[in-house]
Amino acid sequence: MAASMNLSVHRLAVLSQRTVISTFLNVSCRSGCRWRTSPGRCFSEGVEDRSTHFGFETVSEAEKAKRVYKVFENVAQKYDVMNDAMSLGIHRLWKDILLHAMHPQPGARLLDVAGGTGDIAFRFLDYVRYQRERQRLRAAQSSRTRSWQDGSDDDVTEDEPRASTAVVCDINLEMLKVGKQKADSMGISSGLSWVVGDAEELPFFDDQFDIYTIAFGIRNVTRIDQALQEALRVLKPGGRFMCLEFSKVTNPVLASLYDAYSFQVIPVLGEVIAGDWKSYQYLVESIRKFPDQEEFKNMIEDVGFCRVQYSNLSAGVVALHSGFKL
């Protein structure tokens, strides 16, 4: 009886927190957005709290979730600056490569998970806007050609594709606040929504999105297999999963240099720029605990994705994994 009451209280607390946070961020569905939210599936209820890793430290799963939340709460304000400093700006190129590999078309619906500061969503909206302008230009040129050939002055109008939408979903309120501030400063609002949600219990109904992305976030998820199952669930049939994440360097010499830079320089940068050595020490350690390219590929396939493949970027410093829901 006590256990049942505890579960009920837990469920009510989770749903109440989501309602309060969503209201605060003004992330309710805007006009033109056709995705639907749901309370999510409560995998965590009644599940034994197992041990896992937090960097190189062994902790309970509940403890890891709390600590990861605190890490990103602490670094949110300096997150983008630190990304530039740690990667010497190369993270921008990696994200551009992701978008070109995605090649989204007008009308596509994106879910960007762990996307708090909005980098992927902003690129997505820019990309589909450019594709739409190209399509309009080609349609206008084709119309003029046909009119000249048949001697007609009639304009040929083509149906406009539905508006593209991007939903940024992140469990961390502070990260979302930074992302929304960036969007406001850039004048980006149309087709963009912000939702507080857990990658392991996404607050969306099944078969909602054309593309699911998660960039440099999945290694911080407590139960990666559960997050992958949720990605499969919310994608439409034919939808695409894309993950950009730090991986295993393939060149031994570069691997040694990369390790030295990671452990000796990045935490120092974290202390100097963000005033937080420990958070960046964890982020470095979390990269070493994440599965290598082949192991992660197998994990994606195990939950049901098809045509799974990956590409190494910067000699394996980062890997881009992709799979489809059929």
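The values are calculated or read from the model by the stated rules, or taken from the named source; none is laboratory data. Nothing here was measured: the structure is a model prediction, and the numbers come from that model. Here Cβ is always computed from backbone atoms with ideal geometry, including for glycine, and neighbour counts include all displayed protein chains. The accessibility values were calculated without ligands, DNA or RNA, using every heavy atom of the protein model including side chains. Shrake-Rupley method; radii C 1.70, N 1.55, O 1.52, S 1.80 Å.
Just to be sure I understand, how many residues within segment 254-308 are in contact with an Asp or Glu (Cβ under 9 Å, 6 or more places away or on another chain) and under 30 Å from K236 (Cβ atoms)?
Qualifying residue count, segment 254-308: 6.
Considering each of L235, L244 in turn, give the residue that is at negative phi, touching a helix residue (DSSP H, G or I) at 6+ places or on another chain (Cβ under 8 Å) and touching a residue at least 40 places away in the same chain (Cβ under 8 Å).
L244
Of all residues in segment 247-290, how many are under 22 Å from L320 (Cβ atoms), polar (S, T, N, Q) and open to solvent by 30 Å² or more (accessible area, probe 1.4 Å)?
The qualifying residues number 2.
Looking at (1) surrounded by 20 or more Cβ atoms within 10 Å (Cβ to Cβ); (2) part of a strand (DSSP E or B), can you tell me which one Q309 breaks?
Only one criterion in (1) surrounded by 20 or more Cβ atoms within 10 Å (Cβ to Cβ); (2) part of a strand (DSSP E or B) is unmet by Q309, namely (1).
Of the residues Q264, Q208, Q226, which single one is polar (S, T, N, Q) and free of Cβ contacts under 8 Å to residues at least 12 places away in the same chain?
Q264
Give me the pairs, please: first residue somewhere in segment 298-326 and closer than 14 Å to C243 by Cβ, second residue anywhere and open to solvent by 50 Å² or more (accessible area, probe 1.4 Å) and hydroxyl-bearing (S, T, Y), beta-carbon distance under 8 Å, and either six or more positions apart or on two chains.
Listed pairs, sorted by first residue: N312/T250; A319/Y310; A319/S311; L320/Y310; L320/S311; H321/Y310; S322/Y310.
Check segment 213-228 and report whether any residue there is surrounded by fewer than 21 Cβ atoms within 10 Å (Cβ to Cβ), of a type outside the set (F, W, Y), assigned to a strand (DSSP E or B) and under 18 Å from the mean Cα position of the chain (by Cα).
no
Is there a residue being outside any helix (DSSP H, G or I), in contact (Cβ under 8 Å) with a residue 12 or more places away in the chain, more than 15 Å from S279 (Cβ to Cβ) and open to solvent by less than 30 Å² (accessible area, probe 1.4 Å) anywhere in segment 83-106?
yes
Taking into account only those residues within segment 107-141 that are assigned to a helix (DSSP H, G or I) and open to solvent by less than 20 Å² (accessible area, probe 1.4 Å), which is nearest to A183 (Cα to Cα)?
The selected residue is F122.
State all residues of segment 142-179 that are at pLDDT 65 or above, open to solvent by less than 50 Å² (accessible area, probe 1.4 Å) and in a helix (DSSP H, G or I); if no residue qualifies, say none.
The answer is S142, S143, L173, E174, M175, L176, V178, G179.
Identify, from the list L99, L110, the residue that is in contact with a Lys or Arg (Cβ under 8 Å, 6 or more places away or on another chain) and modelled with pLDDT of 95 or more.
Every option except L99 fails the conditions.
Can you pull out every residue in segment 52-67 that is open to solvent by less than 20 Å² (accessible area, probe 1.4 Å) and touching a residue at least 24 places away in the same chain (Cβ under 8 Å)?
G55, E61, K64
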